[in-house]
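Report on one structure; see the data block that follows.
The values are calculated or read from the model by the stated rules, or taken from the named source; none is laboratory data. Every value quoted in this text rests on a predicted model; they were computed, and no experiment measured them. Note that each Cβ is placed from the backbone with ideal geometry, even for glycine, and that neighbours are counted across all protein chains shown.
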Amino acid sequence: MMHETRVSVRNGAYDVAVFEGGEGEPLLYLHGGWDQPPNAFCEELARSCHVVAPVHLGFEGSAPAADMLEYSDALYYHLDLLDALGLGTCTLVGHSLGGMFAAELAAIAPERVRRLVLISPLGLWDSARPVLDVFAAQPKELSAALYHDATSPAAVEAARTPEDEDELVTHILTRSKSMATQTRYLWPLPDRGLSRRAHRIRMPALVVWGAEDGVCPASYGDDFVRLLGDAHLEVVSGAGHEVHLEQLDQVAGRVTAFLGVGGAAPVPAEPR
Amino acid sequence: MKICMFHLMPYRWLPQDFDKQHHSVWVDIPSRLFDPALGHVMYNQSLDELEYAAAMGYDGICVNEHHSNAYGMMPSPNLMAATLARRTRDVAIIILGNSIALYNPPIRVAEEMAMLDCLSGGRIVAGFPVGSSADTNFAYGMAPAILRDRYYEAEELIIRAWTDPEVFSFDGRFTQLRYVNVWPRPIQKPHPPVWVPGGGSIETWGWTIKKKYVYCYLSYSGYKKGKTVMDGFWRTAAEMGIEPNPYHAGFLQLVVVGGSDSEVAERYGPHIEYFFNKMLHVYPGFSDAPGYRTVETVKARLLGLTTRPFDRPPDMSWKDLVDQGAVIAGTPTSVTEQLEHMTRTLNIGHVMLLNQLGSMPHDLAMENIRLCATEVIPNLRGLWDERWQDHWWPQPLAERRQPAAV
């Protein structure tokens, strides 16, 4: 089981919630907008790695993101975060917004990232294949984009709202904060120039996508593979944007296989 | 009391099944629904209506800013204010306002409003709205999470640009300028009165009071629903030790006047229903982007301490709208009584009347303005004056030039 710790980043400037658990190689997990740790996927990875999953600034539990005015502020913040967590080098896994951050981190500090896993990352934009406007989408539309099957256990869990009135207020405010924070990086389009820096990402990389991703179409997986030096794409069927939660076993299995942990031999990356 | 006419300049020719056939009146409304020749008619008639209100004795005329919106067709209120400045003489020109966070650099607003103040002889009110989410976030692409911070910084820069006699440098988080030197300067000193149109965000209450600006609540839901917001403003004022001068506040109200209740219902009813049921067909996802409201306001709303301007049930009838106070309607006597009740209950010194709305044709709007000006406004004007002074009204030059005849 993962446990929560507090980490001070940039000499006390930011107090950050971090969920940690498991033994083995350090794995930094950067979450997206709808899978704030602790989550089932991190728990699963913690069976074979030492998972470190910080909560982004501006999300419930961590310091506000008020200083993240420009995108570069967020990039430097993540370098500071690596330092604060004592992660000289690590395996880096990111999803959605966290996938965008992970790719950026791998581009600015490639020497610190041994292997990279991007799970339906954001960060690229093609007007012919628009990423869903998640900020204008109504709850039903968004849920359908996040989860392929509304009756899957992960979708049901995500749709659950507390019955207690005070808890409900907290729940709404927590969600409201996470959505608001995402607008800093994803508004009006989820593209901050990653494609101009992605050529620096040369470490072995795995890109995972849900075949029915309604937020960011799976075809963006090909773009990521094309931009990265040593990456391959695995498309998982029966899954929306939250592919790692909806098809937990499959995605965790492919990730651990790629990392060569949990008994599996490392899968060699495709030669280019 | 000051009574002003507020105009949205709506496009009156949307199809009757607009709300069934289209996604939203705002942000992504199809451009093929707009006929520029009708736009020509609409702008000129709308300006005629505002100029007529001025000639008939309204204290002020109000313009405002919306983007990609069929019911509010003034992307640039300053253009409208400029033409009104030339065609009117004494009336206050209330620009409600410029969404100052959108302009880069924001001194553009300081410059244009200074031009307008000079042009009008010191008759302008400078409105500084944060701006609606649909306008600022969706139509103009400003990230909701930083909009408010940009707004505060822009206000600081504009006020300093108007008041600092020296050229200065500005090192903001969003705007950096080596040389700030607004030229021309406004006539009104230290600067034109600032009014802040709010949409029910609770932090705007305290901020406008701290800044000594007028707080205006501009909603279409009328005075009964608007009371929650105005009560919040006055409660905040009391907590901050500020006396309840009604001129510290402004309020927008839809008003139609006629010979009898049934005549009013018959003549205005369909046009008002058109506004609420067709023109306020705003896709809910565009009305409130995540982060547009602060966590404090979201929480206050959950607790029922404030409300938002676009909440509306579908398909409201004329009777619903009258009952809810969304529209004040009736004979001059009845409208006078209702408006007096409204201003006293909400404690409002600056009342803005929406006299044209929805598909209301020009002739009917002109008649409405005439009846308000001749049979309603004179009965209300003295309200408040025995006790309160308006510190937020334009102070024009005593001697003003008029445009020469062509």
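Considering only segment B:1-54, how many residues are in a loop (DSSP other than H, G, I, E, B), among the charged types (D, E, K, R) and buried (at least 18 other Cβ atoms within 10 Å of the Cβ)?
Qualifying residue count for the region: 1.
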Inset, instruction - State all residues of segment A:85-117 that are more than 15 Å from the chain's Cα centre (by Cα) and in a helix (DSSP H, G or I); if no residue qualifies, say none. - result: A:ALA107, A:ILE108, A:PRO110, A:GLU111, A:ARG112
Inset, instruction - Go through segment A:130-149 and give me each residue that's in a loop (DSSP other than H, G, I, E, B) and away from every other protein chain (no Cβ under 14 Å). - result: A:VAL131, A:TYR147, A:HIS148, A:ASP149
Legend entry - B:GLU296 vs. criteria more than 14 Å from chain A (Cβ to nearest Cβ) and of a type in the set (Asp, Glu): no
Inset, instruction - Select from segment B:335-358 the residues that are modelled with pLDDT of 95 or more and part of a loop (DSSP other than H, G, I, E, B) and write down the one among them that is nearest to B:PRO394 (Cα to Cα). - result: B:GLY349
Inset, instruction - Look at B:ILE107 and say whether it is modelled with pLDDT under 95, surrounded by fewer than 24 Cβ atoms within 10 Å (Cβ to Cβ) and either within 14 Å of another protein chain (Cβ to nearest Cβ) or in contact with a helix residue (DSSP H, G or I) (Cβ under 7 Å, 6 or more places away or on another chain) (or both). - result: no
Inset, instruction - Spot the failing condition for B:HIS350; the list is (1) closer than 27 Å to B:LEU84 by Cβ; (2) in contact with a Pro (Cβ under 7 Å, 6 or more places away or on another chain), and only one is missed. - result: (2)
Inset, instruction - Select the helices (runs of 4 or more DSSP H) contained entirely in segment B:255-334, then report the ones holding at least 2 residues which are more than 20 Å from the chain's Cα centre (by Cα), of a type in the set (A, V, I, L, M) and surrounded by fewer than 18 Cβ atoms within 10 Å (Cβ to Cβ). - result: B:295-302
Inset, instruction - Can you tell me which residue among A:PRO130, A:PRO217 is farther than 26 Å from A:ASP249 by Cα and of a type outside the set (A, V, I, L, M, F, W, C)? - result: A:PRO130
Inset, instruction - Consider A:PRO121 carefully, then state whether it is within 29 Å of B:PHE138 (Cα to Cα), in contact with a strand residue (DSSP E or B) (Cβ under 9 Å, 6 or more places away or on another chain) and either within 14 Å of another protein chain (Cβ to nearest Cβ) or surrounded by 15 or more Cβ atoms within 10 Å (Cβ to Cβ) (or both). - result: yes
Legend entry - Out of B:LEU96, B:LEU147, sole residue that is in contact with a Cys (Cβ under 7 Å, 6 or more places away or on another chain) and not acidic (Asp, Glu): B:LEU96
Inset, instruction - For B:MET115, work out the one condition from (1) part of a helix (DSSP H, G or I); (2) within 14 Å of another protein chain (Cβ to nearest Cβ) it doesn't fulfil. - result: (2)
Inset, instruction - Within segment B:51-58, identify whether any single residue is at pLDDT 95 or above, more than 30 Å from B:ARG387 (Cα to Cα) and in contact with a helix residue (DSSP H, G or I) (Cβ under 6 Å, 6 or more places away or on another chain), and answer yes or no. - result: yes
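Select from segment A:191-207 the residues that are in a helix (DSSP H, G or I) and either within 14 Å of chain B (Cβ to nearest Cβ) or without any contact (Cβ under 8 Å) to a residue 24 or more places away in the chain (or both) and list them in ascending order. Steps first, please.
Step one: filter segment A:191-207 for residues in a helix (DSSP H, G or I), giving A:194-196, A:198-200.
Once the filter is applied, which keeps residues that are in a helix (DSSP H, G or I) and either within 14 Å of chain B (Cβ to nearest Cβ) or without any contact (Cβ under 8 Å) to a residue 24 or more places away in the chain (or both), segment A:191-207 yields only A:ARG196.
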Inset, instruction - Examine segment A:32-44 for a residue that is surrounded by fewer than 21 Cβ atoms within 10 Å (Cβ to Cβ), of a type outside the set (A, V, I, L, M), over 16 Å from the mean Cα position of the chain (by Cα) and not in a strand (DSSP E or B), and state whether such a residue exists. - result: no
Legend entry - Test: B:LYS2 is among the charged types (D, E, K, R) and under 30 Å from B:GLY382 (Cα atoms): yes
Legend entry - Output for segment A:150-190, where each listed residue is buried (at least 16 other Cβ atoms within 10 Å of the Cβ), more than 8 Å from every other protein chain (Cβ to nearest Cβ) and not in a helix (DSSP H, G or I): A:SER152, A:PRO190
Legend entry - Flag if B:ARG178 is surrounded by fewer than 20 Cβ atoms within 10 Å (Cβ to Cβ) and farther than 30 Å from A:SER72 by Cβ: no
